[in-house]
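Colleague: Got a structure for you, questions after.
Nothing in this text is a laboratory measurement; each read-out follows from the coordinates by a stated rule. Here the structure is a predicted model, which means the values were calculated and not measured. Please note: Cβ atoms are built from the backbone with ideal geometry, for glycine as well, and neighbour counts cover all protein chains shown.
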Amino acid sequence: MMVILMTATWIVTSCTYPRDGPIEKLGDPSTKSGLIVFFKRGSTAAEIYDFDRFVISSPDQAGRGYQSLPGIISVVRFNRNGFAGKQIDFRLNATAEQKKYVRSQIEQSPIVLRIFEETALNDIPDLR
């Protein structure tokens, strides 16, 4: 019984993540994101859904859905002054090539209006 209690305690304490760590900050508009993407006004929910599935994701090799492009850790949707968009964050170990590839895929999307790199959403002036 003591072994089970010690194991459970170890799992609970070793699996926690500091509340002020990088995971806690993902999607925070005052924290820098790897990429911030604004969509053109009038982009439909279906177009944004396709962006998620075919631009910043790829079909899972096992045929069970989609997975984010290599290097991406988080994608958060936002709406700011009538513009929908995505905050995209990269894994800490994402390579420059992975980041460049993700950006190149995004640049090809017809619904993308603007892309900002390594900035916080709150630091971007309102788009018109």
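Colleague: Assuming R0 = 25 Å, can you tell me the calculated FRET efficiency for the pair Glu117 and Arg41, based on Cβ-Cβ distance, to the nearest 0.05?
Modeller: 0.70
Colleague: While we're on this one: Rank the residues Arg41, Arg128, Arg80 as a footprinting-exposure proxy: fewest other Cβ atoms within 10 Å of their Cβ go first.
Modeller: Neighbour counts put them in this order, fewest first: Arg128, Arg41, Arg80.
Colleague: Ranked by Cβ crowding within 10 angstrom, fewest neighbours first, how are Ser33, Ser104 ordered?
Modeller: Least to most surrounded, the residues fall as Ser104, Ser33.
Colleague: Which distance in nm do the two modelled labels at Leu127 and Tyr66 give, with both placed 7 Å along the Cα-to-Cβ direction?
Modeller: 1.9 nm
Colleague: Another question about this same structure. Straight-line reach from Lys100: which aspartates and glutamates have a Cα under 20 Å away, not including same-chain ones fewer than 8 places off?
Modeller: List returned: Asp52, Asp89, Glu117, Glu118.
Colleague: Right, here's the next one. Between Gln105 and Asn79, take the C-beta separation as r, use R0 = 22 Å, and let me know the FRET efficiency to the nearest 0.05.
Modeller: According to the calculation, E is roughly 0.50.
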